[in-house]
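First up is the structure itself, then whatever we jot down about it.
The values are calculated or read from the model by the stated rules, or taken from the named source; none is laboratory data. What you see is a predicted model, and the numbers here were worked out from it, not measured in a lab. Cβ placement follows ideal geometry from the backbone for every residue including glycine, while neighbour counts extend to all protein chains displayed. These accessible areas exclude ligands, DNA and RNA; they are computed on the full protein's heavy atoms, side chains included. Shrake-Rupley method; radii C 1.70, N 1.55, O 1.52, S 1.80 Å.
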Amino acid sequence: MSDEPESPHSSAGRGNLLRTALWTVVVVVFLLVVAAAWVGIRGVLAKGHLERAVADVSLLRAQVSDGDTEGAQRTAGQLEEEAAAARSLTGDPVWGASQYAPFFGTNLRAVREVSVVVDDIATGAVSPVAGVIDGVGADSFAPKDGKVNLDSLIRAQPAVERANETLAKAKRDAGAIDTSGTLSPVTSAVNQLRNAVRSASEQVETANRVVQLAPAMLGNDGERNYVLLFQNNAELRAGGGIPGAVALLKVQDGAISLGDQAAGSSFGPYDESVLPLEPGTRSLYGEITGRYMQDVTLTPRFDVSAALAREMWKQKFGQQVDGVLAIDPVTLSYILRTTGPVQLPTGDTLTSDNAVQLLLSDVYAKYPDPAVQDLFFASAASAVFDKVSSGSFDAKQFIGALTQGTQEGRLRLWSATKAEQQRLAGTPLAGELPTATEKTRQFGVYLNDGTASKMDYYLEKTVSVGASVCRADGRPTSAVEVTIKNTAPADAATTLPAYVTGGGALRTEPGKIKTLIAVYAPEDAIYLGSSQDGKEVGVQTVMDGGHPAVQLQTLLAPGESTTFRVAFLGDAKYAKAGVDVLSTPGVRQSKVLPLRFDCADPTPAG
């Protein structure tokens, strides 16, 4: 190191450099403070706009529910203004640069992305739909003078389609917001947004399917004809019940009428299945699935049932129909809750309270002749149909009745037009086998009567399902348990009509109920094992439509019950998904209960 004294010029240079550095720091700090204040003020303002937007959404929902279309349009405009303001406040260059600052940047970026999603929804979904909301309410589906006005639905199609696309994108965008480093209030806000967008997206997707499908399927482009299956839950089929009565539903330009009617027993037996059956379907349910109209719903796959029914109608009447609709007496009782009672030619009064018991039980004692029973069922269906065609009922309640029947698996629809069927796919109307997604893994519990009787009026069913990750590879184990009970009176063999007990048909003693229980898993599952009443049991195992299926036959005397449990191994990528069960709808709707099991042995059912 040099011992020479430092020159004055060198000392002054260092001082200038120090002062420059200090001033630079001061300026940077000042700019950061100003930027923070700027971002903070704009953040507070943006927060206010977003909160008011949320309030507008709640108000809008109430107004739409109350039918206040004028108020809904006004609120939609307010929502769009609030959302646009929040997006503008979080979109300036200062905010944009601040998004990359340590710690706070992640929060600012998340708030910005929330504002963008809300604004996109307001402009791309809420506003377009608000412009046509007065034409797509429940009243759109209420017949007037026997005809549904399709014009308003057709006008709404572009707006609802745009809203559906916007919400689908918003759901993806909301799911992509990074909350790994955000403060809890921001994280909470993002999660609330995701839940709201997911729910709205599902609802609008359903509405879009209806608006796009309804005009064409209701005959806007020309006459449509559908086979209508009236399913009887007192004699169970996997798809609901035996098709006891069959009718032609004629539709043109929104006008609906009933055509030819026939008993389900008048179709077949055909020498062989009217259409080829897959090996799994034939193995589980037999060739009779395609040889008798009364057996087409032995399979839970409604697309298969519908195609068979369509072909049988063609062979009997020489007419190629456009689709198939199935409904049961329980759904009729829901509809009667809306329309009020109807008078039948027999003098009986059909109400929401007595429809199920009258149609599924009392009729057999009151009218022992099966031919008279068929006429009674046909007259009941016609009377309810005429009441609905009049349009003299609350449209919202009517839509609610159909929705309840659909969600419970009691109302099914299939279209022979490929594009229409693709839109129906994935909805409860389609009657499809269980699926697995990141959100839900479904299983299926399907019952078929083996007694050739109407004893299933007395069959009670309880279904439970549970899942746990029991393996190191992360694949989930799921167990499905079904308990059925014969609740018929002890003296059913002598007090019930022979037509109800089966009279010993198929070698089943009167009063007893023979049932085939089939449990299906999603396509990715592997069958692990089964038990009945806590003991290992032999079962039939089949692949049906790519799904592993397990079937057991049971026989129960009055008062007896049995519990059947099946375990499956699932795909690791669905390990965090919830579990649910699709189930054959009986006379009484059963709930799905949670089930816990021991990973070491998931099949005992004690």
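Can you pull out the trypsin sites (Lys or Arg not before Pro) in the range 534-606 that DSSP calls coil and that have at most 13 other Cβ atoms within 10 Å? Could you put the intermediate results ahead of the total?
On the way: sites: LYS535, ARG565, LYS573, LYS576, ARG588, LYS591, ARG596; in loops: LYS576, ARG588, LYS591, ARG596.
Filter output for the range 534-606: LYS576, ARG588, LYS591, ARG596.
Heads up, I need the accessible area for GLU432: 1.4 angstrom probe, whole protein in place, Å², nearest 10.
Surface accessible to solvent at GLU432 totals approximately 80 Å².
In 5 Å bins starting at zero, report the fraction of Cα pairs in the range 145-302 per bin as a rounded %.
2, 8, 11, 11, 10, 11, 11, 11, 10, 7, 5, 3, 1, 0, 0
Just order 224-237, 456-469 by mean Cβ neighbour count inside 10 Å, highest at the front, would you?
Values: 224-237: 25.0, 456-469: 19.9.
Per-residue mean Cβ counts within 10 Å order the peptides as 224-237, 456-469.
Pull up the DSSP beta bridges for the chain and report the antiparallel fraction as a percent, rounded to 5.
Values: 75 of 89 bridges.
Of all bridge pairs located within the chain, approximately 85 percent are antiparallel.
Holding the Cα-Cα limit at 32 Å, pick out from LYS314/LYS485; LYS454/LYS535; LYS169/LYS576; LYS314/LYS454 the pairs that are longer than that.
On the way: LYS314/LYS485 39 Å; LYS454/LYS535 30 Å; LYS169/LYS576 24 Å; LYS314/LYS454 28 Å.
Over 32 Å apart, Cα to Cα: LYS314/LYS485.
Could you tell me whether the range 368-474 comes out rounded, prolate or oblate from its Cα gyration tensor? Rule is a ≥ b ≥ c as square roots of the eigenvalues, rounded for a/c under 1.5, then prolate if a/b exceeds b/c, otherwise oblate. Each step should come with its number before you reach the end.
Numbers: a/c = 2.33, a/b = 1.47, b/c = 1.59.
Cα axes put the range 368-474 in the oblate bin.
Where the eigenvalues come from the Cα gyration tensor of the range 203-293, what are the semi-axes √(5λ) of the equivalent ellipsoid, largest first, in whole Å? Numbers along the way, then the final one.
On the way: eigenvalues 174, 66, 37 Å².
One finds semi-axes of 29, 18, 14 Å for the range 203-293.
What is the projected area of the convex hull of the Cα atoms of the chain, averaged over all directions, in nm²? Spell out each step's value before the answer.
Numbers: hull surface 152.9 nm².
Averaged projected area of the chain's Cα convex hull equals 38.2 nm².
Dividing the convex hull volume of the alpha carbon atoms of the range 500-606 by its residue count, what do you get in Å³ per residue?
Values: hull volume 15.2 nm³, N = 107.
Normalising the Cα hull of the range 500-606 by residue number yields 142 Å³.
Thinking of the range 296-434 as a set of Cα atoms, what percent of all their pairs are more than 28 Å apart? Mind showing how you got there, number by number?
Details: 2478 of 9591 pairs.
Tail of P(r) above 28 Å: 26 percent of Cα pairs.
Based only on Cα atoms, what mean projected area does the convex hull of the range 458-520 have, in nm²? Could you put the intermediate results ahead of the total?
Values: hull surface 23.2 nm².
Computed as one quarter of the Cα hull surface, the answer is 5.8 nm².
HN-Hα J couplings of the range 273-286 from phi, Karplus 6.51/-1.76/1.60, θ = phi - 60°, integer Hz, Gly and Pro as x?
These are the phi-based 3J(HN,Hα) values: 4, 5, 9, x, 9, 5, x, x, 5, 5, 5, 6, 10, x Hz.
Largest first and to the nearest Å, give the Cα extent of the range 410-520 along each principal axis.
Cα extents, longest axis first: 54, 45, 20 Å.
Using a Cα-Cα cut-off of under 22 Å, which lysines could be cross-linked to LYS144, ignoring same-chain neighbours fewer than 8 residues away?
LYS250, LYS387, LYS396
Hull surface divided by four, with the convex hull built on the Cα atoms of the range 263-376: how many nm²? It would help to have the intermediate numbers written out before the result.
Working: hull surface 34.5 nm².
Mean projected area of the Cα convex hull: 8.6 nm².
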